[in-house]
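The values are calculated or read from the model by the stated rules, or taken from the named source; none is laboratory data. Here the structure is a predicted model, which is why all the values come from computation and not from measurement. Positions of Cβ are backbone-derived with ideal geometry, glycine not excepted, and every protein chain shown enters the neighbour counts. What goes into the accessible areas is simple: the full protein's heavy atoms, side chains included, and nothing from ligands, DNA or RNA. Shrake-Rupley method; radii C 1.70, N 1.55, O 1.52, S 1.80 Å.
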Amino acid sequence: MTTQRRSYETGHKPKCLVIVDDTAEWDRAVYYASRWAIRVGGGVVMLRIIEIEDQNQQWLGVADIMRAEAHEAANAMLDRHAARSSSITGSQPERIIREGDGTEELLKLIDEDEDIAILILAAATSKEGPGPMVSGFAKGAGTFPIPVAIVPGHLSDEDLDSMT
């Protein structure tokens, strides 16, 4: 069972969660989340999930090297997106790096942080569809523990400013 949301109770602050990955449209999600945070007086939580492919490569420290490289790349990506968010909100977003299955780690984080009020995703603009993340969430949207907002990837900063 998911933890009861307490985002708007006294002593709490609503937070929006953005999953940061390697796609171009995630800037749209970060921008929208940052503008949302300003509007509601909330915060931004940026999550980067590292999916370690082969945990059994223990010989010669290969797994440790792969893990260290993955964390270094994750921190660099979060640095870029955090700078964008803080330039909009005036405050640093929370940055979280998790290892494991993406959906499982996402749900664990939502369960652990009772102030997360909404998940912001961005849809790709390609003809192949909205992207794997949006497609995956669409299948289970009816049972997801918090609202999910999908930002069209083609919207400009000005478009998003008018909506937040």
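From the list 61, 43, the one residue that fits, being open to solvent by less than 60 Å² (accessible area, probe 1.4 Å) and within 27 Å of residue 123 (Cα to Cα), is 43. Identification of strands (runs of 3 or more DSSP E) wholly contained in the range 72-164 with 1 or more residues that are surrounded by 18 or more Cβ atoms within 10 Å (Cβ to Cβ) and modelled with pLDDT of 95 or more yields 94-99, 116-123.
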